[in-house]
1. Test Trp86 against the criterion of being of a type outside the set (Ser, Thr, Tyr), in contact (Cβ under 8 Å) with a residue 60 or more places away in the chain and open to solvent by 50 Å² or more (accessible area, probe 1.4 Å), and give yes or no.
2. Would you mind finding the one in Val42, Val32 that is open to solvent by less than 20 Å² (accessible area, probe 1.4 Å) and not in a loop (DSSP other than H, G, I, E, B)?
3. Which of (1) assigned to a helix (DSSP H, G or I); (2) surrounded by fewer than 16 Cβ atoms within 10 Å (Cβ to Cβ); (3) at pLDDT below 85; (4) among the aliphatic types (A, V, I, L, M) does Ala61 not meet, given it meets every other one?
Amino acid sequence: MTDGTAYDKLSKDQLSGVSCIHCGRVPVNLEVVDNSADTTLVACSEEDRMMCERKVFWLDAPCPPWCDGLHADHDDPDDRGHYSSWQGRVPLINEKAETCDDLLKGPFQPEYVALHIRQMVRENGAMIWCGLGETAKGWHLTPAEARTLAKVLMEAANLTSIAPKMAPSIKAA
C-alpha cells in the first residue's frame, strides 16, 4: 500500500504509472508517488489535486438536488450540464398521433408537451424546457417565465369554464 492506496484496487493503467492512483485520469502535471524497481505509481500534482478530487474534471460545484447526476469526463462540452430525471408530459388529444410501427397495427402514441429541467454547467440558474415531445422544438423558460406561463394558462382554462352570457332578448314592438 502506497499513499493510502491498496495495490489490488488499482487498474492496469494506474499500476503501470500511466494514470493517477487517486482519480484514474492521466495527469496533466504528475508527481511520482512510488518509483520502486518493479513499479512506478503517479498521481495528479498538487496544483491539479482539486481536479483530481472531482467526480468529473469539468464539474466545479455540487449538482443541484434535481440533477440526475449522469456526468462523465468524456461529456461533450455542449452537453456538460445538469439534467433532471423528472420529466413532465401532457398528452395532446387534438394533435396527430404517431406510431412507431405499421399504421394498420398501431399502437398510436399521442403527441405531447414535454417538460424537464436543465442547467448548463456555466449557467447561473436552471431553465425549464417546454417543447413538443422528443423534438427540439420548444423553449427554455426561466423559472419566472414558467410561473407566468402557468398563470396565463390557468387564466385561459378558467375562462373556458365561465357560463356563456345570454344575449339580451329583443322585445317585439
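The values are calculated or read from the model by the stated rules, or taken from the named source; none is laboratory data. This structure is a prediction, so every number in the text was calculated from the model and none was measured. Neighbour counts are summed over all protein chains in view; Cβ atoms, including those assigned to glycine, are modelled from backbone coordinates with ideal geometry. For accessibility, only protein heavy atoms count, side chains too; no ligands or nucleic acids. Shrake-Rupley method; radii C 1.70, N 1.55, O 1.52, S 1.80 Å.
1. In short, no.
2. Exactly one of Val42, Val32 is open to solvent by less than 20 Å² (accessible area, probe 1.4 Å) and not in a loop (DSSP other than H, G, I, E, B), namely Val42.
3. Ala61 satisfies every listed condition except (1).
Here's the yes/no breakdown for (1) at pLDDT 90 or above; (2) within 30 Å of Cys23 (Cβ to Cβ):
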position	(1), (2)
Asp73	no, yes
Gly81	yes, yes
Asp102	no, no
Gln109	no, no
Tyr112	no, no
Leu115	yes, no
Val121	no, yes
Trp129	yes, no
Met154	yes, no
